[in-house]
Amino acid sequence: MTILPAEAVSDGAQWRVDGGAWNASGATVSSLSAGTHTVQFNAVQDWVTPSNQSVIITSQQTTQASGTYRSPSAQTIVISEFMAINSYIPYINSMDIYTNYPWTTTRIDGDGLRRGATHPDWIELHNNGDESIDLAGWYLTDNPDELTKWQFPSDMGSALILGSR
């Protein structure tokens with residue numbers, strides 16, 4: 001198993017097979033049975049750990065594999081779009097061109113203005129990296145004194161529509 005980059009190896013990056021002993025980059029493990037095995041990588045401070053890998057071992061053959069640690073700066077999430085104070089204001093624009101979600105409740109008050117959550121605020125996040133990023137444990141806030149105001153769910157999958165009222 002080869003671990004990259006060399007800087008991560010210098011910082012203590014190691015690997016193991018099926019929960020066994022930790023090994024340095026370049027080490028081999030003999031006496032593995034033929035079949036599928038799981039390679040894990042240890043967490044190293046200031047590095048993003050590679051995902052576990054399934055490696056297929058064939059009898060009497062050496063299997064080559066590698067794992068690449070990444071610098072956290074290579075893994076970036078950016079707010080690529082947002083809509084704040086997303087509302088229908090007829091005296092500014094008579095066309096209802098804002099995001100309108102038909103499944104929300106709307107009522108028109110006596111003044112003719114729409115009330116309800118038909119035009120929620122929203123944001124769009126974009127992953128600039130090549131691998132998926134688990135946002136569990138990440139937060140959104142509009143208050144610097146309350147940094148954990150809204151936490152991303154741990155099971156949101158690849159897409160989640162976020163809106164506010």
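The values are calculated or read from the model by the stated rules, or taken from the named source; none is laboratory data. Remember, predicted model here, so these are calculated numbers, not experimental data. Positions of Cβ are generated from backbone atoms using ideal geometry, with glycine treated the same way; all protein chains shown enter the neighbour counts.
Looking only at the stretch 17-35, how many residues end up being exposed (fewer than 10 other Cβ atoms within 10 Å of the Cβ) and farther than 18 Å from Ala6 by Cβ?
Kept after step one, since they are exposed (fewer than 10 other Cβ atoms within 10 Å of the Cβ), are these residues of the stretch 17-35: 19, 21, 26, 30-31, 33.
With farther than 18 Å from Ala6 by Cβ added as a condition, the list becomes 19, 21, 30-31, 33.
Number of matching residues: 5.
Surrounded by 10 or more Cβ atoms within 10 Å (Cβ to Cβ), modelled with pLDDT of 70 or more and of a type in the set (Ser, Thr, Tyr): does that describe Thr58?
Numbers: surrounded by 10 or more Cβ atoms within 10 Å (Cβ to Cβ): no; modelled with pLDDT of 70 or more: yes; of a type in the set (Ser, Thr, Tyr): yes.
Considered against the rule, which asks whether it is surrounded by 10 or more Cβ atoms within 10 Å (Cβ to Cβ), modelled with pLDDT of 70 or more and of a type in the set (Ser, Thr, Tyr), Thr58 comes out as no.
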